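The values are calculated or read from the model by the stated rules, or taken from the named source; none is laboratory data. Quick caveat, the model's predicted, so the values are computed rather than measured. Reconstructed Cβ throughout: ideal geometry from the backbone, glycine too, with neighbour counts over all protein chains shown. We work out accessible area using only protein heavy atoms, side chains counted, and drop any ligands, DNA or RNA first. Shrake-Rupley method; radii C 1.70, N 1.55, O 1.52, S 1.80 Å.
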Amino acid sequence: PPTAPLRFGVLGLGAIAQTAHLPVLSKMRGVQIAALCDNDAAKARGIAQRFGAAHWCTDIDELVELDLDALIVCSPNHAHEVHVLSALKAGLHVLAE
């Protein structure tokens with residue numbers, strides 16, 4: 001029987017997210033880019049449209065409340081600790097860039 005896709009979120013939509021993570025995720029079978037988050041709303045909205053993400057936001061608290069399986073943290077290094085801990089507290093699998 002078919003299984004549901006893994007629902008990924010990406011936090012921080014800078015160069016590494018746009019040139020590495022999102023293009024790869026978009027080509028993987030069994031994966032859905034479910035949500036994107038960046039403090040720049042226009043960037044988040046535009047990249048969500050480009051990669052077919054169902055949801056975008058500007059706040060990590062909103063992001064971790066969504067129905068996600070995993071989060072890729074691409075925020076600036078100094079913010080990784082708080083972002084990773086928030087995602088883990090929400091029960092998500094986490095990849096920190």
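Listed values, structure above:
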read-out	value
Residues of segment 64-78 that turn out to be out of contact with any helix residue (DSSP H, G or I) (no Cβ under 6 Å at 6 or more places or on another chain) and over 17 Å from Gly14 (Cα atoms), as a count	6
Residues satisfying the stated conditions in segment 1-42, i.e. open to solvent by 70 Å² or more (accessible area, probe 1.4 Å) and either closer than 16 Å to Leu66 by Cβ or basic (Lys, Arg) (or both)	Ala4, Leu6, Lys27, Arg29
Filtered residue count, segment 29-43, keeping only those that are within 28 Å of Thr3 (Cα to Cα) and in contact with a Phe, Trp or Tyr (Cβ under 9 Å, 6 or more places away or on another chain)	7
Residues (closer than 16 Å to Gln32 by Cα, open to solvent by 70 Å² or more (accessible area, probe 1.4 Å) and not polar (S, T, N, Q)) located in segment 44-70	Arg50, Ala54, Trp56, Asp67
Sole exception among (1) over 17 Å from Pro5 (Cβ atoms); (2) in contact with a helix residue (DSSP H, G or I) (Cβ under 9 Å, 6 or more places away or on another chain) for Gly46, by number	(2)
Residue that is farthest from the chain's Cα centre (by Cα), among those in segment 15-56 that are within 17 Å of Val84 (Cβ to Cβ) and among the small types (Gly, Ala, Ser)	Ala17
